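To keep things clear, I will list the structure first and then write my remarks on it.
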Amino acid sequence: MTGDGGAPARPYVHVNCAVSLDGRLAFAGGKRAMLSGPQDLARVQGLRAELGAVLVGVGTVIMDDPSLRVHWELLHRPPGPPPVRICLDGRGRLPASARMLDGTQPTIVATTDSSKRGYPSTAETLVAGPGPEVDLPLLLRGLAGRGLRGVLVEGGAHVTASFLRAGLVDRMTVYVAPVLIGGAEAPSLMAGPESHTPEEWVELLRESVEPLDDGVLISLRPRNRPTIPPPAPL
């Protein structure tokens, strides 16, 4: 998938998440569950540093208020350029107090024409579509136009589902922790529309399964679909 002159029409997209053995991202109500061990936490920090941008939905910001910075101390190397933080906020719900808006590193709020919300000067606003949901292909074209070569998508469940169902994922990694959360209200890995037949599910191809911490790391890529290669290190 390339644009004019052979340049990618969108950045490389890597979806990453950690789940329980029964496929839950968090506790009931979305309360954060620390599922990753030290090795997986370091792996995620490496992805943030390598890809140069990290994306979450506004629901994740409201629930967890992440900084989305790179914890360089976990990588045992000197700090490099901070990743660009991206928040999907099609309806203008991003809290003014969110750490994403603290001005400590480059930040983009992806919104829509239907939202009249204004954002502080600490963040760039990128309007992607009429709304109410952010138009993901339009957003990715805008990010490519800003020179971003890779994006790490860290959720939540609706954002993950949107990227996967739109065919906009080049690689997916899932850390599976050896715990069971259970219940009916704990969010699962992928939300969104129901699948009623095999034609409606998202089919992936397993690349590898490897032990990590006390769990396993599963690496996958889309089946029967061209993908963009990961960006070369700068």
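Some values worked out for this structure:
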read-out	value
Those residues of the range 128-155 which are surrounded by 15 or more Cβ atoms within 10 Å (Cβ to Cβ) and closer than 22 Å to Pro81 by Cβ, in sequence order	Leu139, Leu140, Gly142, Leu143, Ala144, Leu148, Arg149, Gly150, Val151, Leu152, Val153, Glu154
Sole residue being modelled with pLDDT under 95 and touching a helix residue (DSSP H, G or I) at 6+ places or on another chain (Cβ under 9 Å), chosen from Gly46, Gly57, Gly90, Gly30	Gly30
The range 18-39, residues that are under 17 Å from the mean Cα position of the chain (by Cα) and crowded, with 21+ Cβ neighbours inside 10 Å	Ala18, Val19, Arg24, Leu25, Ala26, Leu35
Residue among Thr111, Thr107, Thr125, Thr60 that alone is more than 15 Å from the chain's Cα centre (by Cα), within 27 Å of Pro231 (Cβ to Cβ) and buried (at least 20 other Cβ atoms within 10 Å of the Cβ)	Thr111
Residue, surrounded by the fewest Cβ atoms within 10 Å (Cβ to Cβ), within the range 185-201, restricted to residues that are of a type in the set (A, V, I, L, M, F, W, C) and without any contact (Cβ under 8 Å) to a residue 40 or more places away in the chain	Trp201
Selected residue (only one of Ala96, Ala144 is among the aliphatic types (A, V, I, L, M), outside any strand (DSSP E or B) and closer than 15 Å to Arg10 by Cβ)	Ala144
Leu168 vs. criteria touching a residue at least 40 places away in the same chain (Cβ under 8 Å), of a type outside the set (Val, Ile, Thr) and within 17 Å of Gly23 (Cβ to Cβ)	no
Within the range 158-172, considering residues that are touching a Gly at 6+ places or on another chain (Cβ under 8 Å) and surrounded by fewer than 22 Cβ atoms within 10 Å (Cβ to Cβ), the one nearest to Ala186 (Cα to Cα)	His158
Residue among Leu204, Leu180, Leu234, Leu217 that is surrounded by fewer than 19 Cβ atoms within 10 Å (Cβ to Cβ), closer than 16 Å to Ser20 by Cβ and either hydrophobic (A, V, I, L, M, F, W, C) or modelled with pLDDT under 95 (or both)	Leu180
Filter result for Gly59 (in a loop (DSSP other than H, G, I, E, B) and either of a type in the set (Gly, Ala, Ser) or closer than 24 Å to Val169 by Cβ (or both))	no
Residue list for the range 149-197, restricted to those being of a type outside the set (Val, Ile, Thr), touching a Lys or Arg at 6+ places or on another chain (Cβ under 9 Å) and under 20 Å from Ile108 (Cα atoms)	Leu152, Glu154, Leu168
Subset tally (residues that are in a loop (DSSP other than H, G, I, E, B) and surrounded by fewer than 18 Cβ atoms within 10 Å (Cβ to Cβ)) for the range 70-93	10
Given (1) under 16 Å from the mean Cα position of the chain (by Cα); (2) within 17 Å of Arg43 (Cβ to Cβ); (3) of a type outside the set (Ser, Thr, Tyr), number of the condition Gly215 does not satisfy	(1)
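The values are calculated or read from the model by the stated rules, or taken from the named source; none is laboratory data. Note that this is a predicted model, so its numbers are computed, not measured. Don't worry about glycine lacking a Cβ; one is built from the backbone with ideal geometry, like all the others, and counts go over all protein chains shown.
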